[in-house]
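Structure record follows, encoded as structure tokens.
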Amino acid sequence: ACHGKHLFQNSPVKVRLGTRHKAVQYQALALNSSQCQELANYYFGFNGWSKRIIKLQDLSDLEERENEDTAVPLQKQSLKFFCALEVVLPFFECRSPGVGMAEEPLEKLEEGPISFLMKRKTTQKLAIQKAVSDAFQKLVIVVLESGKIAVEYRPCEEITDARTEEELQDLI
């Protein structure tokens, strides 16, 4: 993506891809949303990036279960939220989409609207945090010794939560 382009110098960059593969491949753990935001603030500044929530959708089927004539005792009610957002780096003209889902079980013992609203807020926040983490996983940030920074969007082959692209589009 950078071959033959001018990044930080006057002459074009020559890029060669390695053909050797390491025998041991490991799964790198993703940063959580707080760590992603701390890194973004450090390298891009507080005004150098933003997140834009495209959709925050409640996927809970609480109303459907309440309206059913026959209640299924084995199934527990739960709150479920889907979030689609976009991390925007305007200085680098880069956008990275991210999706996240969060589910929180509801206990029958918890009574009252305040408890329900607190769980709802927590579940929404968790879905947003997962989407932020997902969006930052698709960004490659290169920091040179001189302090200059390059950013590139690299979409993953893996679809979040083993969903197909069509399923995610249907949710949006």
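For the range 35-49, name all the residues that are in contact (Cβ under 8 Å) with a residue 24 or more places away in the chain, in a helix (DSSP H, G or I) and within 15 Å of A135 (Cβ to Cβ).
If we filter the range 35-49 for residues that are in contact (Cβ under 8 Å) with a residue 24 or more places away in the chain, which is where we start, we get 36-37, 39-40, 43-44, 48-49.
With the extra rule that they be in a helix (DSSP H, G or I), the set shrinks to 36-37, 39-40, 43-44.
Selection gives C36, Q37, L39, A40, F44.
Name the residues in the range 90-104 that are of a type outside the set (V, I, T) and either under 15 Å from Q57 (Cβ atoms) or touching a strand residue (DSSP E or B) at 6+ places or on another chain (Cβ under 6 Å) (or both), would you?
F92, C94, R95, S96, P97, G98, G100, M101, A102, E103, E104
Quick note: the coordinates plus some simple rules give every number you see, no bench work behind them. Everything numeric here is computed off the predicted structure, so don't read it as measured data. Here the Cβ is made from the backbone with ideal geometry for all residues, glycine too, and neighbour counts use every protein chain on show.
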